[in-house]
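Structure first, then comments.
The values are calculated or read from the model by the stated rules, or taken from the named source; none is laboratory data. On a predicted model such as this, the values are computed, not experimentally measured, just so you know. Cβ: placed from backbone, ideal geometry, glycine included. Neighbour counts: every protein chain shown.
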Amino acid sequence: MKSKIVSIFNSLFSKKAYTFLISCFLVFFLIFPNFVIFTRTEVLTPFVFVIIMILILIDWSSLKFLKSKKTIYILTIIGLLLRVGIAIWFSKNMIQVSDFYDVFNRAKAFSFKTTYFQTAYHYMLYSIINGVAYKIFVAHQLVSFFVNILATSVAGIFLYLSTKRIFKNEAVANMAVILYTFWPSMLLYNTILSPDHYALLFMCISVYLFTVTYDVINDSNLKKKWWIVVLLGISISLLGFFKNFSPAMLMALFIIIILMIMINKKIWKSSIVTFLIVIFSFFTSNSIIFAVEEHIIGEKIIRNQFWQYAYVGLGLNNSGLYSAERYGEFSDYFYSHNKDIKKTDAHFAKKLKKEIKENLAAYPNLLIYKTNSSFGADNAQLYWITASLDAYKLESGANMLFNTLIIPINEIYYIILCLFVLGGVFYNVIYLKNNKLLFVNIAVFGFCMMLLFVESQGRYKYAFEPLLCILAVVGIYYGKDFIKKLLHIESKEELKK
């Protein structure tokens, strides 16, 4: 009886079962909403699948351009020129709106002593970076565009380095950068003053440092390269100060380390020590940055904002969307009770739990709605750009260009990418069995889960969209081999683990 229980436990928590479960959920988050898109847009389904089949049938491994080590330099220059060209044109034709306009004003005045950052600290570092740039150069939104371009261009390099370390394949790494460089919304969103750009940068840096850390653990080289592990903790910490995806990143790291120990019990000591170093450097970095920010604004920052975001994100009366009323309710209670965050959290936790308990039957539909609004399209970034063009009262027809050409193209691009994510995820689980890629898989799953608990906005996934390029490139590059294996046709291509 005991042996049977142990056997069931092992099968439930085996690497294969766990990765399959994670993959199924990831597919739900990224693919299911896109099938809804097919029914509510003018996207031609046959056209999309023709493109997919063409991409699958191309023998990517035979293209010399992809295999060249010079390609990354060419792609970086092309991406930089595209971003700069777009930035120069848009700087003359748009005005920032909403929180992005506040970033511009605070940076221009170089004034950051405001209680706003108590509840929205992810805007503070980004505002300071822009303020410093304005002091060095000039207070103009074009300077902010270049601040964004610096982040997204460097992120492209780290995306390349990460993908190369994951696959040990130059062509696959270059393909991931191509997907990233020519993604329409990724290019155009550089014109919005959002901390998302630096969240994206530290997302890519963190993944790269993880791939290095993974090799450090397996090579038993922790004593010599411990500083890499420290940098990983700091990078994950900085990620949280621009968009708080840090908890999901740490959880993904924890899961992968557990799986590594299950595979090779000899590395259990170095694996545990590695995770503890990451945790220590993460919390140390957090403490230092929070202390500096609190000194600047002269107030205590709400460091754990879970209940604030959950109260808005799980609200039925606002369908989990942005709600000034709910944010205001939280803020009013906080300030009217001597800024006691523990008391405020307890109050809204009790209130939200009661709301969920009384309306439990309505929450499955709410979560489906939030899944669609968060992942069912990739146009939220573009809508903020058109809103900024509207604010400028542009008469050139740029908005018409967005609505009739750019948005539909971006929609098709996103759908195709997500469908290749589907193939890539399952190909890794069934055939490739790449643990570094699995980390990316689990991290993206964690980010998707986090977005279900906060207000739904399609732009929030922007920070981890480069990771979708890594997952999608598997489906594109190995697509032909995947089909051959499914059809039991022998393939000459050998998979690199």
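Go over the candidates Ala87, Ala120 one by one and state the one that is in contact (Cβ under 8 Å) with a residue 40 or more places away in the chain and among the small types (Gly, Ala, Ser).
Numbers: Ala120 fails: in contact (Cβ under 8 Å) with a residue 40 or more places away in the chain.
On inspection, the qualifying residue turns out to be Ala87.
Please tell me if Ser206 is buried (at least 19 other Cβ atoms within 10 Å of the Cβ), closer than 22 Å to Ala463 by Cα, touching a residue at least 60 places away in the same chain (Cβ under 8 Å) and not aromatic (Phe, Trp, Tyr). If you could, list the steps in order and put the result at the bottom.
Working: buried (at least 19 other Cβ atoms within 10 Å of the Cβ): yes; closer than 22 Å to Ala463 by Cα: yes; touching a residue at least 60 places away in the same chain (Cβ under 8 Å): no; not aromatic (Phe, Trp, Tyr): yes.
It is false that Ser206 is buried (at least 19 other Cβ atoms within 10 Å of the Cβ), closer than 22 Å to Ala463 by Cα, touching a residue at least 60 places away in the same chain (Cβ under 8 Å) and not aromatic (Phe, Trp, Tyr).
Take the stretch 29-67 and flag every residue that is among the hydroxyl-bearing types (Ser, Thr, Tyr), part of a helix (DSSP H, G or I) and either loosely packed, with under 12 Cβ neighbours inside 10 Å or modelled with pLDDT under 70 (or both). Thr39, Thr45, Ser62, listed by residue number.
Can you tell me which residue within the stretch 78-112, out of those that are of a type in the set (Gly, Ala, Ser), more than 20 Å from Leu401 (Cβ to Cβ) and touching a Ser or Thr at 6+ places or on another chain (Cβ under 8 Å), is surrounded by the most Cβ atoms within 10 Å (Cβ to Cβ)?
The qualifying residue surrounded by the most Cβ atoms within 10 Å (Cβ to Cβ) is Ala107.
Listed by position, the helices (runs of 4 or more DSSP H) enclosed by the stretch 305-399 that each have at least 1 residues that are over 27 Å from the mean Cα position of the chain (by Cα) are 324-336, 341-358, 380-391.
Condition first: modelled with pLDDT under 90, buried (at least 18 other Cβ atoms within 10 Å of the Cβ), under 30 Å from Lys370 (Cβ atoms) and of a type in the set (Val, Ile, Thr). Can you find one or more residues in the stretch 309-331 that meet it? Looking for residues that are modelled with pLDDT under 90, buried (at least 18 other Cβ atoms within 10 Å of the Cβ), under 30 Å from Lys370 (Cβ atoms) and of a type in the set (Val, Ile, Thr), one finds at least one in the stretch 309-331, hence yes. The set of residues from the stretch 71-113 being among the β-branched types (Val, Ile, Thr) and either closer than 17 Å to Tyr160 by Cβ or assigned to a loop (DSSP other than H, G, I, E, B) (or both) comprises Thr71, Ile72, Ile74, Thr76, Ile77, Ile78, Ile95, Val97.
Do we find a residue being within 21 Å of the chain's Cα centre (by Cα), aromatic (Phe, Trp, Tyr) and assigned to a helix (DSSP H, G or I) anywhere in the stretch 257-277? Scanning the stretch 257-277, I find no residue that is within 21 Å of the chain's Cα centre (by Cα), aromatic (Phe, Trp, Tyr) and assigned to a helix (DSSP H, G or I), so the answer is no.
For the stretch 113-155: of the residues being of a type in the set (Phe, Trp, Tyr) and out of contact with any Asp or Glu (no Cβ under 8 Å at 6 or more places or on another chain), which is surrounded by the fewest Cβ atoms within 10 Å (Cβ to Cβ)? Walk me through how you get there before you give the answer.
Of the stretch 113-155, the ones of a type in the set (Phe, Trp, Tyr) are 116-117, 121, 123, 126, 134, 137, 145-146.
With out of contact with any Asp or Glu (no Cβ under 8 Å at 6 or more places or on another chain) added as a condition, the list becomes 126, 134, 137, 145-146.
On the way: Tyr126: 26, Tyr134: 20, Phe137: 12, Phe145: 22, Phe146: 20.
Taking the candidates together, the pick is Phe137.
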